[in-house]
Structure formats: C-alpha cells, structure tokens
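Down below is the structure, laid out as structure tokens.
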Amino acid sequence: MTLTGKTHSGNLPPSTVDPGKIRKDFPIFSRLINGKPLVYLDSTATTLKPAKVIEAVTGYYSRYTANVFRGIYAISEEATAKFEESRGLVAGMIGADPAEIVFVRNASEALNVVYSSWAKTFLHAGDEIITTILEHHSNFVPWQQMALQSKTGFRIWQSDPKGNLSLNDLESLVTKRTKLLAMTAVSNVTGTILPVAGIVKRVREINPGIKVLVDAAQAVPHMPVKVGDWNADFIAFSGHKMLGPTGIGVLWARRELLEVMPPYQYGGEMIREVHRDRTVFHDIPHKFEAGTPHIAGVIGLGAAVRYLTSLGMQSVRTHEQAITTYALKRLQQVPGLKIYGPETADLRGGVIAFTLDGIHPHDTAQILDTDNVCVRVGFHCAQPLHEYLGCGPTVRASFYIYSTEDDIDALIKGIEKVKKVFG
Ligand SMILES: Cc1ncc(COP(=O)(O)O)c(C=O)c1O
C-alpha cells in the first residue's frame, strides 16, 4: 500500500486566504528592486514577514526591552508576560500544553535537542533508528552520526521515484530493536505530505515502544497540525518559516519525555538551586532554555501565530493547494521541464522542485533573478534524496499565503527567457 498524506479528495473548500489583500500586510511588497516588483518563490527557505510581526519585534525593543523572569519592575514583567503569552499561542496552535513547548533557535536545534538529550541518554549500541530518504539534513545527519559514533543501527525508509513511501516497507524496517522513527511530515523537495498519524499508528502496532520524532518545519506553517492527532513523541519546527523572526524555533515533546530528558545546555534560568556540589534544575520547559532567550523572536513568533490562526490553517492549506495545482499545470506544459515529487497538489505541500533539460539550475536561477523571480537552487539540504532520485541539483519554487497566479506566470515567463538564452 502506498502511503499518501492526501489532504482533500474532491473539490477544495473555499479559502479565506486572499493573497491580493494579504500582500498589503507585507511591507516588502512595496519595494521595487531595479524598478521591478518582487516575485518571491522561496518561502520553503524562509517566509516574508507581515507588519504585525515586525511591529511586535520592534515594539519589544522600543517600548519594553528588559530581560525575562528576572526583573521586579514593570517592563520586565511586561516582557515576561508577552514571552509566556507567545508560548501559549504556539501551544494553542498545535493543541499542546504550554509546558511542553521548548523555545530553541530553529527546527535544526529542536532536532538536535532530541539527539543530544534524549537519544544520547536512552539509545545504546544495537538499538535501531529509522529515518526516511526524504529528510532534510537536519533530521538525517544527527541519526547517521549517532550510528557512526554509538553503533546504533541506521535504516533508511526509501520512497518510490515519485517520493511516495509504502506502508508495507514498515513490516521489514521496524524490528524489536527499533527505538526511534525520525521522519519529516512534508518534504522540502518533493513536497510529499506524509500521513503522520497513520504511520505512527502502524509502527506502534509493530513495536509499541518506538518513539516518533516529526520534523514539521514544512507542516506546521502550512496546514492544521494537532499533536493529539499525530500522536508522535517529538515535533520540531522553525519560526522563520511561518512568518516569524529568524533565530526562534520550537521543540514540542511529551511531558513525560521532557521530564526524564537531561538538560541540553547549562546556565542561568534553567536552574532552581545551585550549590557547590549539586544543582536542582528548573521545571519543564525552562530546564531546556538556558541563558537569556531570543525574547524578541519569541514575541514576534507569537504575533505570527496570531496572524496565521486568524486566517485559519485549513484556509492556508487550501490556498496553497490551489496555487500548487495552478503551478503544476503551468510547469507541466513546459517542454523539457521535469518535476520531482507526487503528481497532484493534494499529495504535496506548496513546493515544486524541477530541472530543465540541458540547463544548469544555477543558470536558470540567475536568469530568473534578472526579473526578481526568487527561487532556490541546489540540493536544498537534502542531498541523499537528490542522489536517490538520480538527479543533480534542482530548481525549487515554493509558495505561501501571499503567492498569486501572477507569481507563477512570472516564473513561467522567466523559464521561457531561460530557454531562449540557453536553448
Ligand atoms: C523539512 C525541513 N526540516 C528542517 C529544516 C531546517 O530548518 P532551520 O534551518 O530553520 O533549522 C528545513 C529548512 O529548510 C526543512 O525544510
């Protein structure tokens, strides 16, 4: 059985996301570069920021800059309240308990906390880790390195050439020794949406002791995600991929796991008592947040969550599915253009990686840039996947709430220009 994370089967429900209106909230769209407007098709790398997020960040710096949890004075208390309010907003968005939300720098750090704290403590030589061929390096390299250093088994769940995984493969991949499945929810290259809940259920039927870590860097910003629906153990995502500031990310983990995991870093504010010979650590989540945190980043992320939840995550997904459908249709009509990943938008996130026959992706991107069409080229931090697909670097166009059909038309026009220059 091939697994799909299909999000809609019939007609799409109407989306309240109106990109024409939304673009007015993003100051960057008022900028002309070399006299031309911006065509931003790189939201998988990082998203643009709405004024509300920028104002939340500057508001902290201009009106109530102070450290959190430390000051017995009004602006410090204000900063602490806003900081914890953001934790509550993030928790609410994914249906979690705020105590289970750990602020880190980005999705990569969240995944590394699981590696450095949980895996290094609880995994031993002979235990097995499964990951998928679709992974970003951030959820691949830690497990590969763990295998090299600690002699844990490292097994890779392969996809078919379209980037789809087969549930049947789990029968042979999962064994009694499997301790961790580290998987993405949405590929940042093929866009494949994995049915996380179904996978979690199946692996636990085979081995109830398995922990599941989900890299949700391309899921939480783009579709409804609830921790109770997935039933995973760890979830990692980045603020900057969901309208928030850079330098702030989130690790969600089950309370009982966070409680037994040792701290990731030591320092101020993660302790309750320190004596010459011993330290008592703070409660979760503070035990994992040593030192002064990225206060402005957390507050900005709170504003981003507010913005996204006011649109509704199902509407965000519906808009992306519609724009991806349009993009797939237009790109499929270009002779010599090869698209990687599932064929239809209901099976994929708002990301399309492609190559043009005989034209190097870097040349493509450079010509596109002459009209401010911003795409990413390379391996997109997923080199094992590119090697598996048997392609070199690819061009990647990706979409978000502000993406319009005009953006796709500009991409197609740019590709025609590329073909003229190099064809
Ligand atoms: C699927 C996936 N996982 C992890 C990451 C890493 O995110 P960050 O660079 O914010 O740590 C990315 C970034 O592109 C991603 O797309």
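Bear in mind these aren't lab numbers, they're just calculated from the coordinates by the rules spelled out. Computed from a predicted model, the values in this text were never measured in an experiment. Reconstructed Cβ throughout: ideal geometry from the backbone, glycine too, with neighbour counts over all protein chains shown.
Table for the structure above
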| item | result |
| --- | --- |
| Across Lys21/Lys413; Lys162/Lys329; Lys241/Lys419; Lys120/Lys211; Lys24/Lys49; Lys21/Lys82, pairs whose alpha-carbon gap is larger than 22 Å | Lys21/Lys413; Lys241/Lys419; Lys21/Lys82 |
| Net dipole in debye of the stretch 124-250 [+1 Lys, Arg Cβ; -1 Asp, Glu Cβ; about Cα centre; nearest 20] | 160 debye |
| Which of Gln144, Pro293, Ala382, positive extreme of dipole for the chain (C-beta unit charges) | Ala382 |
| Helix-only CD estimate at 222 nm, as mean residue ellipticity for the chain, using -39500 (n - 2.57) per DSSP H run (n ≥ 4) | -10500 deg cm²/dmol |
| Residue order, fewest to most surrounding Cβ atoms within 10 angstrom, among Val274, Val196 | Val274, Val196 |
| Sequence of Phe237, Phe354, Phe422 once ranked by neighbouring C-beta atoms within 10 Å, starting from the fewest | Phe422, Phe354, Phe237 |
| Listed peptides 122-128, 157-163 by packing density, highest first (mean Cβ within 10 Å) | 157-163, 122-128 |
| At q = 0.08, 0.10, 0.11 Å⁻¹, base-10 log of I(q)/I(0) for the chain (Debye sum, equal scatterers on each alpha carbon) | -0.45, -0.70, -0.85 |
| Distance between modelled label sites at Gln366 and Glu405, nm, 7 Å Cα→Cβ extension | 3.4 nm |
| Thr16 paired with Glu343, simple spin-label distance in nm, labels 7 Å along Cα-to-beta-carbon | 3.6 nm |
| Order of Met270, Met261 under a 10 Å beta carbon neighbour criterion, fewest first | Met270, Met261 |
| Derived scalar couplings ³J(HN,Hα) [the stretch 376-386; Karplus, 6.51 cos²θ - 1.76 cosθ + 1.60; whole Hz; x for Gly, Pro] | 9, 10, x, 9, 6, 6, 9, 5, x, 5, 4 |
| Simple spin-label estimate for Ile33 and Tyr388 in nanometres, 7 Å along Cα-Cβ | 3.2 nm |
| Share antiparallel - DSSP beta bridges, the chain, percent rounded to 5 | 60 percent |
| 5 angstrom amide H check on Thr184, placed H, neighbours 5+ away | Thr132, Asp215 |
| Computed over the chain: relative contact order in percent, which uses C-alpha pairs under 8 Å that are six or more apart | 24 percent |
